[in-house]
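Novice: Structure in structure tokens, see below.
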Amino acid sequence: MEPILKAPVSLTEQVRDAIRSAIVSGEFPPGKPLVERELAAQLGVSKTPVREALKLLHTTGLVQVSSYEKVVVRTMDADLAKQVYDARLGVEPLCVRLAAERGASSDAAAEALARADAALEADDRVALGLANRQFHRHLYSMSGNQFLVDFLDRLQDLAILAAMAGWRRTPTWTTEAKEHRAVLEAFRAGDAAAAEQVMREHIMQSSCAVDEALQGET
């Protein structure tokens, strides 16, 4: 990781984003202890924002506290990935349908896909994973149901961790890009039922691909 510049925006959020990027890229592998002092030195900040950032990442599931009170990078296995995808499958397609029924704008989602295309072209998997998650969030966040949005937001970090774990063994990003386009087309056409169904199929396909990849590691 590179030192980050202090800015008027939340330093804790900057530290969180830097650590998150290191985790999803594999720079910080599963099980790696995250020591406040070491992270602070790497990022050029005090231990306080590091401590707060680790608390945020613990809330979203990217890190966990071991039995010895050490903070470590969470290990993504097939069972955890299935739980994440099953949770998304039960809620996210519904949110997409609700958003489409409300006639919500798809401009932000389209912009996220453009960033994903650029990241794919540059072979930047971290940027691709983040852009994909932004695409999903732009759609489900317009459902009009904040309870469902908050639920899915809590899964965002684990969702990208699962996707990245699967990609390391079986690259599926080209297929996922096509599926995202299909979701966007149905959404833009105002076909709420089709958007819901295509999103459901996309999540199911992604779940199967990640499960196959992670099962192959056991």
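Novice: Could you give me the residue pairs with C-beta distances under 7 Å whose first residue belongs to the stretch 183-205 and is on the phi < 0 side of the Ramachandran plot and assigned by TED's automatic domain parsing to the domain that holds Glu92, whose second residue is acidic (Asp, Glu) and surrounded by fewer than 20 Cβ atoms within 10 Å (Cβ to Cβ) wherever it lies, and which are 6+ apart or on separate chains?
Specialist: The qualifying pairs are Ala192/Glu101; His202/Glu179; Gln205/Glu179.
Novice: Right, something else. Would you mention how many residues in the stretch 38-70 are more than 18 Å from Glu13 (Cβ to Cβ) and at pLDDT below 95?
Specialist: Restricting attention to the stretch 38-70, the residues satisfying the condition of being more than 18 Å from Glu13 (Cβ to Cβ) are 38, 41, 64-70.
From what is left, the residues that are at pLDDT below 95 are 64-70.
The number of residues fulfilling the criteria is 7.
Novice: Looking only at the stretch 13-47, count every residue that is in contact (Cβ under 8 Å) with a residue 12 or more places away in the chain, in a helix (DSSP H, G or I) and basic (Lys, Arg) and tell me the total.
Specialist: Number satisfying all stated conditions: 2.
Novice: So, one more: Hey, can you tell me all the residues within the stretch 64-84 that are under 20 Å from Leu152 (Cβ atoms) and outside any helix (DSSP H, G or I)?
Specialist: Result: Arg74, Met76.
Novice: Hey, Ala209 hits all of (1) among the small types (Gly, Ala, Ser); (2) modelled with pLDDT under 95; (3) part of a loop (DSSP other than H, G, I, E, B) but one; which does it fall short on?
Specialist: The number of the failed condition is (3).
Novice: In contact (Cβ under 8 Å) with a residue 24 or more places away in the chain and either within 14 Å of the chain's Cα centre (by Cα) or closer than 29 Å to Leu39 by Cβ (or both), is that true of Arg168? Write out each step before concluding.
Specialist: Working: in contact (Cβ under 8 Å) with a residue 24 or more places away in the chain: yes; either within 14 Å of the chain's Cα centre (by Cα) or closer than 29 Å to Leu39 by Cβ (or both): yes.
The answer is yes for Arg168.
Novice: Among the residues of the stretch 128-154, which ones are aliphatic (A, V, I, L, M) and in contact with a Leu (Cβ under 9 Å, 6 or more places away or on another chain)? Lay out the reasoning, then the answer.
Specialist: Pass one, the stretch 128-154, residues aliphatic (A, V, I, L, M): 128, 130-131, 139, 142, 148-149, 152.
Listed by number, the residues that qualify are Leu128, Ala131, Leu139, Met142, Leu148.
The values are calculated or read from the model by the stated rules, or taken from the named source; none is laboratory data. Values in this document were obtained by computation on a predicted structure and should not be read as measured data. Backbone-built Cβ (ideal geometry, glycine too); neighbour counts: all protein chains shown.
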